[in-house]
1. Please name all residue pairs, on different chains or six or more residues apart, with Cβ atoms under 8 Å, provided the first residue is in region B:573-591 and is touching a residue at least 24 places away in the same chain (Cβ under 8 Å) and the second residue is charged (D, E, K, R) and within 16 Å of the ligand (Cβ to nearest atom).
2. Does region B:533-570 hold any residues that are in contact with a strand residue (DSSP E or B) (Cβ under 8 Å, 6 or more places away or on another chain) and either without any contact (Cβ under 8 Å) to a residue 60 or more places away in the chain or closer than 18 Å to residue B:154 by Cβ (or both), and which are they?
3. Has region B:511-522 got any residue that is of a type outside the set (Lys, Arg) and in contact with a strand residue (DSSP E or B) (Cβ under 8 Å, 6 or more places away or on another chain)?
4. So if I check each of A:61, A:95, which one is among the polar types (S, T, N, Q), under 22 Å from the mean Cα position of the chain (by Cα) and crowded, with 20+ Cβ neighbours inside 10 Å?
5. Going by what's in this entry, would residue A:78 be described as over 17 Å from the mean Cα position of the chain (by Cα), at negative phi, within 11 Å of chain B (Cβ to nearest Cβ) and small (Gly, Ala, Ser)?
6. From (1) closer than 14 Å to residue B:91 by Cβ; (2) under 16 Å from the mean Cα position of the chain (by Cα), pick out the condition that doesn't hold for residue B:151.
7. The conditions are (1) more than 11 Å from the ligand (Cβ to nearest atom); (2) in a loop (DSSP other than H, G, I, E, B); (3) open to solvent by less than 80 Å² (accessible area, probe 1.4 Å), and residue B:530 fails exactly one of them. Which is it?
8. Check B:9, B:61 and return the single one that is more than 25 Å from residue B:303 (Cβ to Cβ) and crowded, with 18+ Cβ neighbours inside 10 Å.
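The values are calculated or read from the model by the stated rules, or taken from the named source; none is laboratory data. Keep in mind it's a predicted model, so treat the numbers as computed, not measured. In this analysis, Cβ positions are derived from the backbone assuming ideal geometry, glycine residues included, and neighbour counts consider all displayed protein chains. Accessible surface is based on the protein model in full, side chains and every heavy atom, while ligands, DNA and RNA are left aside. Shrake-Rupley method; radii C 1.70, N 1.55, O 1.52, S 1.80 Å.
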Amino acid sequence: MSKLRVKFVKNDLMKFISHLDLLRLMERALRRADIKLSFSQGFNPHPKISFATAVPIGLSSEGEYMDVELDEELKPDSFVDRVNRQLPEGIKIISAKNIEAKTPALMAIVDASSYIVSCPLENDTTQNTIEVAIKDFMDLEEIIIHKVSKKNGRNVTKEIDIKGFIYKMELLEHSGRSIIFKLMLATGSKGNLKPEVLIEKFIHDMEVPIILDQVRVHRLELYTLVGDTLITPLEING
Amino acid sequence: MTKIDLDELLYKVEKPARYIGNELNSVKKDLNQVDIRFGFAFPDVYEVGMSHLGMHILYNLLNNQNEIYCERIFSPWADMEGLLKEKEMPLFTLETHSPIHELDFIGFTLQYELSYSNILNILALGNIPLRSNERGMEDPIIIAGGPCAYNPEPIADIVDIFVLGEAEEVILELLDKYKLWKHSGRNKKDFYHSIAGIKGVYIPSFYRVEYHENGTLDAFVPLSDNAPNKISKRIIKNLDDVYFPEKVIVPFIDVVHNRAMVEIFRGCTRGCRFCQAGMIYRPVRERSVDKVKDLAHEIINNTGYEELSLSSLSTSDYSGLNDLIRHLIDKYGEQKVGLSLPSLRLDSFTLQLIEEIQKIRKTGLTFAPEAGTQRLRDVINKGVTEEDLIQAMENAFSLGWNNVKLYFMIGLPTETYEDLDGIVDLAHKVVETYYKVPKEKRNKGLNVTISTSSFVPKPFTPFQWEAQDSIETLREKQIYLKGKLRHKNIKYSYHHTETSFLEGVFARGDRKLGEVLIKAWENGCKFDGWHDFFKYDQWMKAFEDCNIDPHFYASRKRSYEEMLPWEHIEIGITKQYLKKENERAQEAVLTHDCRTSCTGCGINQGFIGGVC
Ligand code: SF4
């Protein structure tokens, strides 16, 4: 019995597969690699693989994590090696380490994500205009979005202040017709903000001519907050 | 298509992974190193096509040849179709994302008649002319095979070459000829001539059809010396020697049958009189247990699948079933690789097997009595009794099942409302059986699903001469059943009658239907098997515009003397046998399984020589 925490990338065409697809793909890759997975009990045994977040279709990422429980002891290096040989182009394990059985689940510890977001523009906009827009946006007292959800079959609109979910928003690159942001946003059960939602709000409030349906998001890393510092799930001791 | 173009499309569609290719075990080849580019086209959405074993077999068989590159083509979903049209981009293959008109061949598999409009849609989206005689040297050759090819006539003006029967050998023979021709600089017709004599090959443009004034067939005339009068299906003699893929593609998305498949035998000897598969795939040929074990081993290793399905028309009839199942459970149980056994007859022996299988992964239980009374079951030669069914149910309930599905057909020849009452009775008896099982033995919450499909008479069955029930009659029967099957433990589901009607028209259609099909497609018909897409009114308009009465095909009883549109095709079963079976059906006389002794269907005469 052992447990591994694994970091992997999911990009190129693989950004188009869903979270469930990814789960199936991992299970099958591990079986092909002849790794002895632990299974849940019951009529429909599931392998004990759990991810940090459910990666939405279209998001590419170089910082995804999963925990895998095995029915054998295995050196992380050997695990990485064997599984990588079974993974399709676009998905690759970068590193893995042994963790203790009682280590808190990834899902519970993730607090933030860093992203690169590329945004094509409708018309030429100067760097200065954008920088001013970012500053004004971040200086707002509150940033309210409306979230519609279904309750007992009725639509309920909830107001959410997302200001507290934006840790960082900066302009990384600018060239006449497109800009690239670097963002650090809340992720996880305590608070969650999707880059697209932020950009939509930014377009709406600051009137920046970003073409929303061509915005492309790439996740760089996932973090957990320990005290005041953000560390990655692999840096946690345990 | 460039990577960026593709990306832009993919961001805008639902389930983009339908179009990305790149799956595990999909084949990559250098286009400069191949001589023949073949597109295997399944005229339905990816999830349906990828579940089809035949596709995996041919894909891998062709790609095993160095000089051939086989890519896949599926029907794009409506959202992708809209985008392709908007951006004026042609439909593309999954492997290299190339426009499909760049291929040398496009091979359609014909699994159900309701996919025909999708064939046209694929051609049109690929900028390929629809009619065979409109296509030139630069267009791909359109080839087709699969069960519906046994009556190829409704699409004979669209398809260039049909391949009848099992394709593993004939497709390679045909492509060998193509290689010779390709560099000869001669026209397509010369190529067709060079293959017309190959057994199993049918080139519709080499024949003329003549009709009587009443619309029935008068003659089928070969137009060239080397076009045979009768075209025989191909069969593979020995399943242990024939190619079977060990490295099959593993889809990323959840497809209909998302599992490893090993075919354990072909053919069926039960002789159900409604069943086309049972006739066209004769004779029975088993794959040896050892071979199946080897294949299962390779496929599971190469795919990592969590489920293995043993495929055949009647799994219980496999002579080595017990040995095979015990082996598979022993070997893969620990890895939690489940087993699924479709088309199983539920008797006490198979229930024991299923019980073992259940220990790895839970499966549902299905049972197909097909008809509600013993009389009607005798008519269709479905040799199950009510006793069998109730016994199986009792066993199943005591073993803990509480979810069962029962399949029936309505609209069978000679059916009366008494037979429908029989379905209702059976359903209630199943419920009673459940409640008779001691509480501590059964699981709580019984669900009995009664599902009826509407009988469609098919070519090469004893019922090929029969009339199909009209839409109205079928609907009345469904409403009747619905009313009588109201019960807290029973769920009733049924098929749409209009689609069954259209299926019936095309199943026994002739060449005149090609124009109706094109018209219907022009009217926007596609994905006819999907209720949300099906446009009955547009279909009827197409029939009207072409001045063709669909009832002529579906609702008319034929005489034995009438020349049938598929009369030039030989499946090895004699017309005499089908006639005799039809007569026995009318008298509700059973014909025994021919494993016990030959019932004289004729397949052992010309096709295999000697005994079955
Ligand atoms: S020839 Fe005889 S034994 Fe063979 S399939 Fe036909 S009926 Fe059965």
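1. Listed pairs, sorted by first residue: B:573/B:282; B:581/B:273; B:582/B:273; B:585/B:273; B:590/B:584; B:591/B:581; B:591/B:584.
2. If the condition is that a residue be in contact with a strand residue (DSSP E or B) (Cβ under 8 Å, 6 or more places away or on another chain) and either without any contact (Cβ under 8 Å) to a residue 60 or more places away in the chain or closer than 18 Å to residue B:154 by Cβ (or both), then B:562, B:563, B:564, B:565, B:567, B:568, B:569 are the ones that fit.
3. The answer is no, given that none of the residues of region B:511-522 is of a type outside the set (Lys, Arg) and in contact with a strand residue (DSSP E or B) (Cβ under 8 Å, 6 or more places away or on another chain).
4. Step by step, each of A:61, A:95 is checked, and only A:61 is among the polar types (S, T, N, Q), under 22 Å from the mean Cα position of the chain (by Cα) and crowded, with 20+ Cβ neighbours inside 10 Å.
5. no
6. With respect to (1) closer than 14 Å to residue B:91 by Cβ; (2) under 16 Å from the mean Cα position of the chain (by Cα), residue B:151 is out only on (1).
7. (3)
8. Answer to the check: B:9.
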